[in-house]
Amino acid sequence: MENLGGRLEVTKRAMLDEIYRMLCIHLGEPPTEFLWQWRDKDKEFHRDGVMSPQQFREKYVTMDLDSMACLIHCPQESKSYDTVYTIEYLGNVVGGQIIKYLNVEIEELKRAAASMIKDGKAVWFGCDVGKSFDRDLGIMDSALYEYEPLYNVEFGMSKAEMLDYGQSLMTHAMVLTGVDLDENDRPRKWRVENSWGDKGGDKGFMVMTDAWFDEYLYEVAVEKKYLSAHHVALLERDPKSLPPWDPMGSLASVGG
């Protein structure tokens, strides 16, 4: 078996070399350096000379990714709250950090997202974008379409049941850029920025009701400073591993 494993590794490496060669034929060799120049939003021209990708990252990618955490809301019976999970084979960088999700109650996820927005920061999130969404109007509302009166049928699946039976899962990522809070500091609706251009909604910005958030939003990426000390401590635990086909692995995410 050991000899077979060695032969398989040699074969895999040879195949990857061929795939790399084929990609380079079409896309070219990956650059080791490039000339960085750009125009800013005021049309002013800038040039920063020749640099390597590593130099570009060190100078311009200033966010501390270790300060970020991924929270999920997954109410399936197969999972528990205040538990850290990972998805087998979801990571796409050899030797990189594994994906880690902290499963929390929906109210904790909302609290962290709203706190970050109050500080003027956008919040990345993953959701099931195809549900109760009018792209032209830019409205995401679980009561958008009145199916039950039309068909005289009650649709009673819970969020957990929709995940169990494959009726819902994360299909798209966007960012939350605003939140409308009531007099008790509870969210009523959220402002969403999408990446599909400026044709839908208000120049590409959408409105999400809080009810839609409850039902179809599954994940946010927030800074750890917006979490409780209890949840920050939980993130240091070794994660429980979920199979590749788990619905929480349907959308690749930033590491936590």
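Figures for the structure shown
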{"item": "Strands (runs of 3 or more DSSP E) (entirely within the range 24-94) containing at least 3 residues that are more than 30 Å from TYR216 (Cα to Cα)", "result": "34-39, 45-51"}
{"item": "Residue check for GLY256: outside the structural domain of VAL84 (by TED's automatic domain parsing), in a loop (DSSP other than H, G, I, E, B) and either modelled with pLDDT under 90 or of a type in the set (D, E, K, R) (or both)", "result": "yes"}
{"item": "Pair list, Cβ < 9 Å and 6+ apart or interchain, from the range 172-198 residues that are within 12 Å of MET208 (Cβ to Cβ) and assigned by TED's automatic domain parsing to the domain that holds ASP141 to residues that are assigned to a loop (DSSP other than H, G, I, E, B) and of a type in the set (Ser, Thr, Tyr)", "result": "MET174/SER195; VAL175/SER195"}
{"item": "Failed condition for SER78, given (1) more than 30 Å from LYS225 (Cβ to Cβ); (2) outside the structural domain of ARG111 (by TED's automatic domain parsing)", "result": "(2)"}
{"item": "Answer from GLU33, GLU29, GLU44 - the residue that is out of contact with any Gly (no Cβ under 9 Å at 6 or more places or on another chain), outside the structural domain of LYS225 (by TED's automatic domain parsing), surrounded by 10 or more Cβ atoms within 10 Å (Cβ to Cβ) and of a type outside the set (Ser, Thr, Tyr)", "result": "GLU33"}
{"item": "Criterion: closer than 30 Å to ASP198 by Cβ and out of contact with any Gly (no Cβ under 7 Å at 6 or more places or on another chain) - qualifying residue of LEU150, LEU71", "result": "LEU71"}
{"item": "Test: residue in the range 155-166 that is touching a Leu at 6+ places or on another chain (Cβ under 6 Å) and under 18 Å from TYR216 (Cα atoms)", "result": "no"}
{"item": "Pairs where the first residue, in the range 96-113, is outside the structural domain of LYS189 (by TED's automatic domain parsing) and the second is of a type in the set (D, E, K, R), C-beta under 7 Å, 6+ apart", "result": "none"}
{"item": "Residue list for the range 24-63, filter: free of Cβ contacts under 8 Å to residues at least 12 places away in the same chain and polar (S, T, N, Q)", "result": "GLN37, GLN54, GLN55, THR62"}
{"item": "Boolean, GLU236 is closer than 23 Å to ALA69 by Cβ, assigned to a strand (DSSP E or B) and either among the acidic types (Asp, Glu) or at pLDDT below 95 (or both)", "result": "no"}
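The values are calculated or read from the model by the stated rules, or taken from the named source; none is laboratory data. The structure presented is a predicted model; accordingly, all values stated were derived computationally and were not measured. So basically every Cβ, Gly included, is an ideal-geometry build from the backbone, and we count neighbours across all protein chains shown.
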